[in-house]
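Contents: one structure, followed by commentary.
What follows is calculated from the coordinates using simple rules that are stated; it is not laboratory data. Predicted model, so just to flag it, every value in this text is computed and none were measured. Here the Cβ is made from the backbone with ideal geometry for all residues, glycine too, and neighbour counts use every protein chain on show.
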2 protein chains.
Amino acid sequence: MEKNNVTRDSANRPTTHPCPPDHSDGNGVFPVCPVPHAANQTIQMAHGGGGRRSRELLENCFLSAFANPALNFLHDGAVLEVGEETLAFSTDSHVVSPLFFPGGDIGKLAVWGTVNDLLMCGAQPLWLSAGFILEEGLPMETLQRVVDSMRTAALESGVTLVTGDTKVVDRGKGDGLYINTSGIGRIACREVGPARIRPGDAVLISGDLARHGIAVMALREGLDFENEIASDCACLARPVQALFEAGIDVHCLRDLTRGGLASALVEIATDTCMDCRIEETSISVDPTVRGACELLGLDPLHVANEGRFVAFLPPEQAEKACSILATFESSVAIIGTVTPSSPDTRGRVILKSPIGVDRIVDMLSGEQLPRIC
Amino acid sequence: MEKNNVTRDSANRPTTHPCPPDHSDGNGVFPVCPVPHAANQTIQMAHGGGGRRSRELLENCFLSAFANPALNFLHDGAVLEVGEETLAFSTDSHVVSPLFFPGGDIGKLAVWGTVNDLLMCGAQPLWLSAGFILEEGLPMETLQRVVDSMRTAALESGVTLVTGDTKVVDRGKGDGLYINTSGIGRIACREVGPARIRPGDAVLISGDLARHGIAVMALREGLDFENEIASDCACLARPVQALFEAGIDVHCLRDLTRGGLASALVEIATDTCMDCRIEETSISVDPTVRGACELLGLDPLHVANEGRFVAFLPPEQAEKACSILATFESSVAIIGTVTPSSPDTRGRVILKSPIGVDRIVDMLSGEQLPRIC
């Protein structure tokens, strides 16, 4: 039985969007924002951070302009019907700084970022486009390294780069290079997305958190740790395909990029109007990464990853899914469960701390780690 | 009968690429380039100009890395088979400066640029993605104007924006905003592309030349002409669809963007190993635009357009095609014909001047009009 007055169709999808996203405290009261109004009238770094400001920009500027049933600005890709086929279509621009970092580079991010977004739609990634914006003066050798890295990344993930474009901007109007990739994938038969999430679903994460953000940030800030922190940057094709091949009835997948686990779960909770209850002790963070987070004043839940995803699936399949994912990555864990939200709140993310205290997890309002992907 | 030793299959396609593009004078001698070697080792503005440098970058860096049968970096889009359907897939980044200019803005360019590329593949444009790279400090009102313009442009061309992404870069690492759009279109039944060009084909252009480049350049340089020059920026869906609906057997289409008519024809001549003979007197350039070109030392053949295309089609259908296109734009003209290239040369573009002298048209080596689209 629904407890939050949401009407649903036979497939348990909300028949109208039951709770258009707002950012009130659940009682219609908006938090007071310390940023002066004038600052809202220009683009701030926080608008690109994957947190609340990003979401506001999308809702206020883009969604209102381009409203249509297929539009999926807020999720990983759009689902399109072409004849008898169902395709996923996704796009991502990459502006990471610096271009090369322990564990990856902008080329790998650009290929795997879009490949992973297609996988999160339940699609088999097939084709990519690449649009390069190069800054005058970029060493040709740098471009070649990035292109070689993209080539390797594409081969590894089984996608083919089929079309591209190159633009050059004058010195001082870019930062070396920016890359957009867009991708097309084929969705076989399963629908994967927030609409399939049910109360009782188990919530899994596919590895430890916060490596990518901390690896880039440490390099950028010149921080030197005893053990080098490498990005988790990876193609998620093999673990995701392994889940499907084993017959796991995956309800929803989401990769944990900008905004980290917190943003991903808050978005899903908001969109489904269901609560997501997770346990902090189940979430693995490497000790060096945790130390770096403490040093930098960052919460690992908000830090970007580039090779981790969260999966929602039937609780009876959770253990099996964990063992499958554990063959690819250690620290795979069932971190929580989906529950109906109480009638007086919208979907929330509730984190139980190690001492047993519940706290509400929210998206970041400001910018924590700029240009992380 | 082939006169240039090219082997062809039953559909008259080269069975192997008969003349891998080189930039020699036809006898294997490369022109001496006055640019010192060191300059080749960094990205120059000319690498984004759509001329020879752009082509070199594509061939040397991208094509060698991503070689695969579907790759269509040099043309307007890739053609993909999905089940029973044939799709076109195209991408373009837009970095035009300034963002708004007489006759258009970056939003219209971004939507129509990709829509037009899909049309040039013989596809009906269906879906677009949009990737925004915003510079910190961009006025929100500017972004809203651009987004509103994209919305109108998408409505006008019948495409739906289905997925998007926004990144923010720090102040001084961008120039307001850059937009990538990628698009998917459906190819009904006709193959349209250089492989279908035949000796004897008529060459048509869909209007007068050089408006876009001069409109942007005049604004940027603060040039004031008696009659304002507006960009030709337009969606080409209606004229292109009118050709198909009238049963014109269009062999090849190419929009005349960066690098202008010259680059488009040289690329096609090179790729087909056929000559393209055109007459300067048939090519229309508005007197104010021509005056501006002379003032700025520009050849209208090399100046960018954003609403013009060249069509290759059977000569017996050329007049009919002209009358169809003339309902959308004045100055539509048959400007020349395709001929087999002589055995000792690769495909060339030969322009007959008003006084009857032939000259070889080539791509530009340097940069003429940076950041024009």
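Structural remarks
- For chain B, with +1 on Lys and Arg beta carbons and -1 on Asp and Glu, the positive-most of B:332, B:69, B:189 along the dipole: B:69
- Eigen-decomposition of the gyration tensor built on the alpha-carbon atoms of the range B:140-196 gives equivalent ellipsoid semi-axes of 31, 16, 10 angstrom, largest listed first.
- Taking every alpha-carbon pair under 8 Å whose residues sit at least 6 apart, the range A:91-244 reaches a relative contact order of 37 percent.
- Over chain A, volume per residue of the alpha carbon convex hull, in Å³: 158
- Of the beta bridges in the range B:194-361, as assigned by DSSP with both residues counted there, near 85 percent are antiparallel.
- Taking the number of Cβ atoms within 10 Å of each Cβ as an exposure proxy, the fewest-first ranking of B:173, B:320, A:108 is B:320, B:173, A:108.
- Other copies of residue B:344: label-to-label distances in nm, shortest first, labels 7 Å along the beta-carbon direction: 9.4
- Multiplying the residue separation of residue A:322 and residue A:345 by 0.36 nm and subtracting their alpha-carbon distance yields 5.2 nm.
- Copy-to-copy label separations for residue B:171, where each label sits 7 Å from Cα toward Cβ, in nm and ascending: 2.3
- Average projected area [Cα convex hull, the range B:273-373], square nanometres: 8.2
- Candidates B:67, B:110, B:242, ranked by Gaussian network fluctuation over chain B, Cα under 10 Å, top entry: B:67
- Ordering A:289, A:120, A:179 by the projection of their Cα atoms onto the charge dipole of chain A, which places +1 on the Cβ of Lys and Arg and -1 on the Cβ of Asp and Glu, puts A:120 at the extreme positive end.
- Net charge dipole, the protein assembly as shown: roughly 300 debye, given to the nearest 20, about the Cα centre with Cβ charges of +1 for Lys and Arg and -1 for Asp and Glu.
- Zero-based 5 Å bins, Cα pair distances in the range A:68-187, whole percents: 2, 12, 21, 23, 17, 12, 7, 4, 1, 0
- Potential lengthening of the chain between residue B:81 and residue B:141 amounts to 17.5 nm, from the contour at 0.36 nm per residue minus the alpha-carbon distance.
- Förster radius 30 Å - calculated FRET efficiency between residue B:170 and residue A:227, Cβ distance, rounded to 0.05: 0.50
- Relative intensity, log₁₀ I(q)/I(0), of the range A:205-289 from a Debye sum that treats every alpha carbon as a point, q = 0.14, 0.17 Å⁻¹: -0.64, -0.88
- Net charge dipole, chain B: roughly 380 debye, given to the nearest 20, about the Cα centre with Cβ charges of +1 for Lys and Arg and -1 for Asp and Glu.
- Equivalent-ellipsoid semi-axes of the range B:194-361, from the Cα gyration tensor, Å, largest first: 26, 20, 13
- Members of A:167/B:320; A:108/A:173; A:108/B:108; A:108/A:352 lying beyond 29 Å, as alpha-carbon distances in this model show: A:167/B:320; A:108/B:108; A:108/A:352
- Dimensionless Rg over Rh [the protein assembly as shown; C-alpha; Kirkwood]: 0.99
- Assigned charges on the beta-carbon of Lys, Arg, Asp, Glu; the range A:68-187 dipole about Cα centre (debye): 160
- Rg to Rh, two decimals, where the range A:202-246 supplies the alpha carbon set and Rh follows Kirkwood: 1.14
- Each DSSP beta bridge with both residues in chain B is either parallel or antiparallel, and the antiparallel ones are about 80%.
- GluC sites (Glu not before Pro) within the range A:196-259, DSSP loop, no more than 10 other Cβ atoms inside 10 Å: A:226
- GNM result for chain A, Cα springs below 10 Å: residue of A:87, A:119, A:155 fluctuating most strongly: A:155
- Relative contact order of the range B:194-361, pairs being alpha-carbon contacts under 8 Å that are 6 or more residues apart, as %: 42
- In nm, spacing of pseudo-spin labels at residue A:355 and residue B:245 (7 Å Cα→C-beta vector): 7.3
- With neighbours defined as other Cβ atoms within 10 Å of a residue's Cβ, the residues B:117, A:148 order from fewest to most as A:148, B:117.
- Normalising the average separation of contacting C-alpha pairs (under 8 angstrom, six or more residues apart) by the number of residues puts the relative contact order of chain B at 24 percent.
- Using a 7 Å Cα-to-Cβ projection, residue B:314 label spacings across copies, nm, ascending: 6.0
- Note on residue A:190 and residue B:282: the model spin-label points, each 7 Å out from Cα along the C-beta direction, lie 5.9 nm apart.
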